[in-house]
Structures are given as C-alpha cells and as structure tokens.
Amino acid sequence: MIARPLLAASLIVLTAAATPPPKGLPPLTAQTQRSGGSIDPEQAKQQLDTVDLAIEVMPASQSISGVATLNFIARAPLTRLLIDLDRNLPVSAIAIDGKPLPRSAWANPEGRLTIALPAPVAANGTVTAKISYGGTPHVAVRAPWDGGFVWSRTPAGQPWIATAVQGEGCDLFWPCLDFPTAEPRLVDLHITVPKGLKAPSNGVLLGIDKLANGRTTWNWRAKHPNMYAIALNIAPYEEISGTYKSRFGNSFPMTFWYLPGEEKQARALFAEFAPTLDFFESTIGPYPFGDEKVGVVETPHKGMEHQTINGYGNAYAKAPEGFDWLFQHELAHEWFANQLTAADWDDMWLHEGYATYMQPLYGRWREGEARYAAMMLANRTDILNNAAIVSGHTRTEEGVYQLDKGGPGTDIYYKASWMLHTLRYLIGDQAFGDVTRLAVYGRPDPKPGNFAPRYGSTAEYQQFVDQVTGADHRWFFDVYLRQAALPELIEVREGSKLTLSWKVPGDLPFPMPVEVQVDGKDMRVAMAGGTGTITVAPEAHVVTDPNSRILKRSIAVEELQAWRSAIAAKGNGK
C-alpha cells in the first residue's frame, strides 16, 4: 500500500494514521473487516493449492456473480472447511468434489463460510469446493486506504471499475483464506465484462472469449499470488506494450493499460518502465515474475501492489526528482510484498519500509548522493515514534496501520526506510545488498528460474544480517524496531575533549559508530559500550553525523511536528 508522496508537505500527517478511514456500504462484519492476525487452528489445517475464479462484473447494478473452485490439501484431518467470504455476497450453491451439498450443509452468519464435508478428509488428502456466490460487494470510500470495489466513470462516462482490498482482505470479493501465508500455488481468473470493456488482471493472458451481447471473458493465470494482490480492473482501456530485455538474459512483456485520450502522458510513463526495472535488477536481482509480465493499469484510486498488474492513479504527476514516485513505489512491491511476503502483518515494514527506501536509492542511482540526501531528509519529519514498528505478536492489518489501535502507522514506511538507511551505513553497501537478496530470494545468487515467492519475517531478516556480517546485530533491531523512541546522541565538549554517548530507551546497548567532522575532516568514532571520546582543538568546528547517516532523535523535528499539530488543530477549530 502507498502512504503519500515522499516530497509532499502535509500539516495533517501526524494525525492521519490515527484516523480510521471511512467505511462504505454494505457494512462489514468484524470478521470480514479483520485481515490477518491469529489464524484459526481449524482453518490452518487447510492448505489452499489452486483456485479457479470466474467472476462476472455488472456495472449497471454494481453487482458481481462468481463461481470459485478451491482445491485444498489437508494438513491435518478435516471434517469441515472454513473459508473467508463477506456475507454481503451470499452463497447459492456448493459442491464438494463434484457432488452438490444440501443447503443445510453450510452457513455464513459473520463472514466465515463454514462447510460441513460429506466425508472426512485424511491428512495429506485433497478436497475441492465449488462455491457459487454473488451480490453487491462492499464499496471503498477512499481506496486503497479502505478496501472494496471502486465503481467510477471515465471522463467520457464509461464504466471504470477496480478492486483494492489490502486492508480488509481477499474475502471482500472472493472466497479465500484471509491471512498472508495462504498464498495458492496457482490461480486461474475468468473475468466477464460488458461490451467495450477490458479486464487486465494478474499473470498471463490465456485468451479472451467472446460471449453473447458483446460481453467478453478475460482468462488469466497467475502463480503464487499474494492474497490481497488478486485484482479486478475494468474500463475501455487502451494499451502500450513492449519487451524488456533483462541484464539476466531473459526477456518479458511490459504493458500499460490506460484510459482513452491519455496516450501522450501514458507513453511518457511507459518510458520509465525499462530504466526502473534495470535499477531494481541491478540493485536487488531478477524481476520475480519474468515468466508472466510487468503490468500496470490506470485505476480510479491512488495505487496498489497488485502482483503483475500494479494499480496506478497518480494522474501522471511531475516531481523534481524526475520520475513518478507512485509507479516506482508499486513496482518495488513486486520484490517487497509479492516475491518476499511478510508472514505476518507485524512484519509489514519488510514490504513498506523497503519499497519506500527504494525511492531515494533510485534517486541516487539516477543523480547521485545529493538527490538521495534530499529525498531522505524530506521524509525524516514524518517519523512519528508513537509505537514500535514490530510488536513481536501476531497482528491484523488495522492493528498495524492505525495508531488508535496501538500500531506504528506510517512508521512502517518512513521510520523503517530510515532504519534501512542507517543499516546500510553500518554494514556497508555490499553486505546490505547481500542481506536484501537473501531476504527477497532466500539465496545469494538469484537467477531467473532458481527461486520462487517466499515468506519472510523480522526474526529471519535479523538472522540474515548476522549471517552476512558475522556479527550479532540484535542491539540494532531491538532499538529501531522493538522500541518506539529513537536513540539520542549526547555531546559533551570540555576543552580539547569531545565525549559522545548514546541515550537509549530502556538503557539498551547501542554501539552505533558515529561520523564526526572536525574542521572539514571526517573520522569515524567507535562507540563501544555506547560512548566514545576524541581529542579536538578547543577552537575546532565540529559536526557530528555530518551526512545524516544515523536515525536518531531530533529536537528540531519534534518541535516542527508539534507546530504542525497545533496548526492542524487550529484549522479544525479545536
């Protein structure tokens, strides 16, 4: 998910994350509203293997009709299936292994469809559920920050429809298992739309079927999709396509679906595809879905990392860094969300912190250190420090994103990005790249065809850092990820002696070395035990951390944030 442009000023950024987004209709149950969190032990026995999902979208009535065929592998003996599905989409029929069930065999009072199996399924056995359902899906008021369908119109008045369901989950429009580690091995999508509309979606296009009344069915196949990444996009799109020739020797298609009348702007954005891909491939490794496509589709919402069909709604905005931040951010998620998927919402900084950090790194790749520094400093003032980025407990999406629920909010973007910036300073570029490749691919030597999408966690990431560097970095992650407050650098200068010491929440160990510039000359001060002393001439000009390498407390930033809050409160009449 996106936060906001890196360089955009906002007086309300300090309170925005604390305010739950407005909710659309029809209303959701608490079960459907919830995504992730503790997994029901009985539901955990079900491994979703393959999905065949046929959905007809009817813009005139703002309704859908679907048939989902779900193939499960039993991790343990099963007597029933528990499948997440919004009760606003009532089920009309269910068949198990091809045999219809009586209506009394299923119920869905709160958004978890319970299906009594006609016979037990043994461990490692398989079972197929074919579920017919449909109705009026939940509508998003402010997608993608609240989830659901977006029923919009193009400037010419034609239907323009999209889904964005990261927060509330896949069960807003199809029967699924709504937790991060439920990714199916394969999903076939059959999306039927009215005459004159197209339906780009995830994966590879297998073909387009022509139906009565000019309707068409768009058939797609996607491998290992992230649970919230399956998406519907419907409009009278036009297309720009090309082939990307990778530095790893493979080639794959790139396509941008855009609204009619925007060809000039669309071509300018499409020109960014190849160089941005080259940055990611040279910095991290192979594009993870080279056997499918790079797909981007213009959406009536801001954007979302829908695997191989990223949503783009940035209105072709221009920015001083010279590239479209939203396109770049969502493309980053192909590595950090879709290839590397956080095993729990508590570890979502792996998605958002890395995707945010990729923007200043791209600025550096394009223009050098000045651009990188400008972009890093631009988002330093948006770090909130209200809650630890990682709680160490299983969390729901809302439990992470909303400050009023004790979550870190946008700190999973900006603070995590700055943490990665500091980590790169601490361990060096080579080690940082090695750690990143291990986290993304699970191996140090990724090449097309030798890796698959994987799940990651904070604990595993910390292990990778220790493995690559040969040193214990628990102190680093304990302070930056598991504490809310930032470390503070205390400087005491007495005569020719400069003493530096770290003041850390809970007096935790923090041997972070510090660069010191003395009369224009840089040195690195070791801080064993959290303190360090150097000799400087009494008249020398001293600047600590002159290149802003370290994420640390800033009184100036805190005063700015307090001023922003006061201005915002005054504007709201408080």
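Show me the ranking of peptides 533-539, 144-150 by mean Cβ neighbours inside 10 Å, starting with the highest.
Values: 533-539: 11.4, 144-150: 25.4.
Ranking the peptides 533-539, 144-150 by packing returns 144-150, 533-539.
Could you give me D for the stretch 219-336, from Stokes-Einstein at 10 °C and 1.306 mPa s, where the hydrodynamic radius is the Kirkwood radius over C-alpha pairs? Units µm² s⁻¹, please. Walk me through the intermediate numbers first.
Working: Rh = 14.5 Å.
Rounded, D is 109 µm²/s.
The phi torsions of the stretch 52-57, fed into the Karplus equation with coefficients 6.51, -1.76 and 1.60 and a -60° offset, translate into couplings of 10, 10, 10, 10, 9, 9 Hz, rounded to whole numbers, with Gly and Pro shown as x.
Calculate how large, on average over all directions, the projected area of the Cα convex hull of the stretch 478-574 is; give the answer in nm² to one decimal. Numbers along the way, then the final one.
Numbers: hull surface 33.2 nm².
Computed as one quarter of the Cα hull surface, the answer is 8.3 nm².
Under a model in which nothing but the beta-carbon of Lys, Arg (+1) and Asp, Glu (-1) is charged, the chain shows a dipole of about 820 debye around its Cα centre. Across the stretch 284-299, computed HN-Hα scalar couplings (Karplus, 6.51 cos²θ - 1.76 cosθ + 1.60, θ = phi - 60°) run 10, x, x, 4, x, 10, x, 8, 10, 5, 9, x, 9, 9, 6, 10 Hz from first to last residue, x flagging Gly and Pro. If you model the stretch 146-271 as an ellipsoid using its alpha carbon gyration tensor, with each semi-axis the square root of five times an eigenvalue, the axes come out at 23, 21, 16 Å, biggest first.
By how many degrees, between 0 and 90 and to the nearest 10, does the Cα long axis of helix 429-441 differ from the longest principal axis of the chain? Relative to the chain, helix 429-441 is tipped by roughly 20 degrees.
Its Kirkwood hydrodynamic radius, worked out from the mean inverse distance over all distinct Cα pairs, puts the stretch 342-382 at 11.0 Å. A straight Cα-to-Cα reach below 30 Å connects K497 with the lysines K521, K552, residues fewer than 8 places away in its own chain not being considered. In plain terms, if you count all Cα to Cα distances in the chain and split them into 10 Å steps from zero, the share in each step is 3, 17, 27, 25, 16, 8, 3, 1, 0 percent. For the stretch 204-274 versus the stretch 484-542, the inter-centroid distance based on Cα atoms is 53 Å. For the chain, the carbon plus sulfur part of the accessible surface works out to 53%, probe radius 1.4 Å. Legend: Rg and Dmax of the stretch 355-457, from Cα coordinates, 15.7, 44 Å. Taken about its Cα centre, the stretch 157-199 carries a charge dipole of about 320 debye when Lys and Arg each add +1 at the Cβ and Asp and Glu each add -1 at the Cβ.
Using the Cα gyration tensor of the stretch 275-326, with a ≥ b ≥ c the square roots of its eigenvalues, what is the shape: rounded (a/c below 1.5), prolate (a/b larger than b/c) or oblate (neither)? If you can, show how the numbers build up before the last one.
Working: a/c = 2.97, a/b = 1.25, b/c = 2.38.
Judged from the Cα gyration tensor, the stretch 275-326 comes out oblate (a/c at least 1.5, b/c at or above a/b).
With the simple model of a label 7 Å out from the Cα in the direction of the Cβ, R524 to T394 spans 4.2 nm. Using +1 at the Cβ of each Lys and Arg and -1 at the Cβ of each Asp and Glu in the chain, identify which of N314, P59, S417 lies farthest towards the dipole's positive end. Checked the options; the winner is P59. Residues whose amide H falls under 5 Å from that of S63, counting only those 5 or more places apart or on a different chain, are M58, with hydrogens built in the peptide plane. The residues of the stretch 106-152 have, on average, 39 Å² of accessible surface per residue, using a 1.4 Å probe with all protein chains present. Close amide H pairs (under 5 Å, H built 1.01 Å from N) link L28 with no residue at least 5 positions away or on another chain. Within the straight-line cut-off of under 17 Å between alpha carbons, the aspartates and glutamates reachable from K447 are D278, E281, D291, E292, E334, D434, sequence neighbours fewer than 8 places apart in one chain being disregarded.
How large is the translational diffusion coefficient of the stretch 267-420 in µm² per second when you combine the Kirkwood radius over alpha carbon pairs with Stokes-Einstein at 25 °C and 0.890 mPa s?
Numbers: Rh = 16.1 Å.
Value of D from the Cα-based Kirkwood radius: 152 µm²/s.
With Cα atoms as the point set, the stretch 56-136 shows a radius of gyration and Dmax of 13.5, 45 Å.
With every protein chain kept in place and ligands, DNA and RNA left out, what is the accessible area per residue of the stretch 235-386? Probe 1.4 Å, answer in Å².
Working: 4300 Å² over 152 residues.
Averaged over the residues of the stretch 235-386, the accessible area is 28 Å².
Solvent exposure of the stretch 482-540, expressed per residue, is 54 Å² of accessible area, with all protein chains present and a 1.4 angstrom probe. The H on the amide N of Q402, modeled in the peptide plane, is under 5 Å from the matching H of G407, G409, each at least 5 residues off or on a different chain.
With all pairs of separate Cα atoms included, the stretch 21-158 yields a Kirkwood hydrodynamic radius of 16.4 Å.
The ellipsoid that matches the Cα gyration tensor of the stretch 438-523 has semi-axes, each √(5λ) in whole angstrom, of 36, 18, 10, with the longest given first. The packing ranking, built from the mean of other Cβ atoms within 10 Å per residue, places the peptides 556-562, 327-333 in the order 327-333, 556-562, highest first. Mean projected area of the Cα convex hull of the stretch 480-534, taken over all directions, amounts to 4.2 nm². For the stretch 193-210, the Karplus equation 6.51 cos²θ - 1.76 cosθ + 1.60, evaluated at θ = phi - 60°, returns couplings of 9, x, 3, x, 10, 10, 9, x, 8, 6, x, 9, 7, 8, x, 10, 9, 8 Hz by residue, with Gly and Pro reported as x. In summary, the lysines within cross-link reach of K45, defined as a Cα separation below 25 angstrom excluding same-chain residues under 8 places away, comprise K99, K130, K223. By the Stokes-Einstein formula, at 1.002 mPa s and 20 °C, the stretch 204-265 with its Kirkwood radius over alpha-carbon pairs has D equal to 147 µm²/s. Only DSSP H runs of four or more residues enter the estimate; each adds -39500 (n - 2.57), and after division by the residues of the chain the mean residue ellipticity at 222 nm equals -7000 deg cm²/dmol. Taking one quarter of the surface of the C-alpha convex hull of the stretch 398-497 gives a mean projected area of 9.3 nm².
The values are calculated or read from the model by the stated rules, or taken from the named source; none is laboratory data. Keep in mind it's a predicted model, so treat the numbers as computed, not measured. Cβ: placed from backbone, ideal geometry, glycine included. Neighbour counts: every protein chain shown. The accessibility values were calculated without ligands, DNA or RNA, using every heavy atom of the protein model including side chains. Shrake-Rupley method; radii C 1.70, N 1.55, O 1.52, S 1.80 Å.
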